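Colleague: Got a structure here, written out as structure tokens. Questions coming.
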Amino acid sequence: MKMIMTVVPKYSGNAVLEALVNAGYSATFNETKGGMLRQSQITIFIAVKEESVPEVLEIIKAHCKAHMHVQRTSSAPTDSDSAGKGYSLGGAVTFIWKLDQIEKC
């Protein structure tokens, strides 16, 4: 068994969860905040058989494609490397680890 933990933007969370449930996977989730811009995210936990990992990853990728680009508007002095650049938001960060044991208590 594998545990997949994926962190997706809040605006993609419902689509990812709905797609996982429609594909027959059960998931646990919670709302989290973090990162440089303190954006709301959804952290989703899915326990699956090892052979299901590629399918779950494809579902996450397919429903987490929306990206936003935030342009800096501050006129504060900056170093020349970052002047005029923005930040891309979106996508998912996914962690996968092996489960040695699962117990219901």
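Every read-out reported here was derived from the displayed coordinates using simple, explicitly stated rules and does not represent laboratory data. Here the structure is a predicted model, which is why all the values come from computation and not from measurement. Backbone-built Cβ (ideal geometry, glycine too); neighbour counts: all protein chains shown.
Colleague: Between E58 and Y11, take the C-beta separation as r, use R0 = 25 Å, and let me know the FRET efficiency to the nearest 0.05.
Modeller: Rounded to the nearest 0.05, the efficiency is 0.80.
Colleague: How far apart, in nanometres, would the label points at R38 and I96 be if each is projected 7 angstrom from Cα along the Cα-to-Cβ direction?
Modeller: Each label point is offset 7 Å from its Cα along the Cβ direction, giving 3.5 nm.
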